[in-house]
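Comments concern the structure below.
The values are calculated or read from the model by the stated rules, or taken from the named source; none is laboratory data. What you are looking at is a predicted structure, and each value in this text was computed from that prediction instead of being measured. Here Cβ is always computed from backbone atoms with ideal geometry, including for glycine, and neighbour counts include all displayed protein chains. Heads up: the accessible areas ignore ligands, DNA and RNA and are worked out on the full protein's heavy atoms, side chains in. Shrake-Rupley method; radii C 1.70, N 1.55, O 1.52, S 1.80 Å.
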Amino acid sequence: MKVLVINGSPKGERSDTLKITRAFLKGMGDAAETVETIDTMQADVKPCRGCYACWHKTPGNCVQRDGMADILERIRQSDLVIWSTPLYCYGVPSSCKAVFDRLLPLSSPKQHVGEDGRTHHPARERVHAKMALVSGCGFPDRAGNFDALEFSFERMFGRDCPMILCVEAPLLSVPEAKPLAERYLALAQKAGREYAQNGAISDETQEKLDAPMFPPEQYRAMAGR
């Protein structure tokens, strides 16, 4: 399996979220035959102009000459694309959002009503890559914080898109919280094994990944200090 990691963290290699992604990949073992990483902070990707030339004038191709054409090609060639990004303002950091917006050439201007009754733009071409999301936030609560991000990925990539949404993610870099971090990363590794074997994360593992590492009240008090 050819895996492409899109690292949307402004911290680059120091990203807390990337630690979870790497644990997931470690769990995948030999199933992840090749792994490539794109750091959106370093990528030459301009914001989408909203000109829709990629739909009408140059179908499937953006008129902007930057690094996005290469990213799109790498997505096309991948079997699994892992979006590894922290939660910023209930969405993703701006450099990652630019890449997200520039996926437009992969879709068509047609409007299609899906089985759920919702209108969407169907794909221009068949991209066989599966999508996954790994995201961390500094809050102790999943509900009310990850909602918009979950919605975006489900609408873009389907309800079967596996997601690891880690609350209290800063603990992964706190030396005093090392036992908690190791326990969580072991769960992420287990999730990788399950995904490699079954194409999904088990409900039991998902429930544990969704839970706080530290009691929320104590975490909030500690974060405030």
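The set of residues in the stretch 65-78 being open to solvent by 60 Å² or more (accessible area, probe 1.4 Å) and more than 21 Å from THR34 (Cβ to Cβ) consists of ARG65 alone. Any residue at all in the stretch 155-172 that is more than 15 Å from the chain's Cα centre (by Cα), open to solvent by 20 Å² or more (accessible area, probe 1.4 Å), modelled with pLDDT of 95 or more and charged (D, E, K, R)? Scanning the stretch 155-172, I find no residue that is more than 15 Å from the chain's Cα centre (by Cα), open to solvent by 20 Å² or more (accessible area, probe 1.4 Å), modelled with pLDDT of 95 or more and charged (D, E, K, R), so the answer is no.
Evaluate the following for THR34: is it in contact (Cβ under 8 Å) with a residue 40 or more places away in the chain, β-branched (Val, Ile, Thr) and either surrounded by 16 or more Cβ atoms within 10 Å (Cβ to Cβ) or within 27 Å of ARG193 (Cα to Cα) (or both)? So THR34 fails the test.
Contact annotation: residue pairs with Cβ atoms under 7 Å, 6 or more positions apart or on different chains, pairing a residue in the stretch 203-225 that is over 14 Å from LEU171 (Cα atoms) and open to solvent by 70 Å² or more (accessible area, probe 1.4 Å) with a partner that is modelled with pLDDT of 90 or more and assigned to a helix (DSSP H, G or I), are LYS208/LEU187. The residues in the stretch 106-143 that are closer than 24 Å to TYR219 by Cα, touching a Pro at 6+ places or on another chain (Cβ under 6 Å) and surrounded by fewer than 17 Cβ atoms within 10 Å (Cβ to Cβ) can be counted, and the count is 1.
When the stretch 47-64 is filtered for residues that are in contact with a Lys or Arg (Cβ under 9 Å, 6 or more places away or on another chain) and surrounded by fewer than 19 Cβ atoms within 10 Å (Cβ to Cβ), the ones remaining, listed by number, are PRO47, CYS51, TRP55, PRO59, GLY60, VAL63, GLN64. Filtered by the rule that a residue be in contact with a Lys or Arg (Cβ under 7 Å, 6 or more places away or on another chain) and not in a loop (DSSP other than H, G, I, E, B), the stretch 106-119 gives LEU106, SER107.
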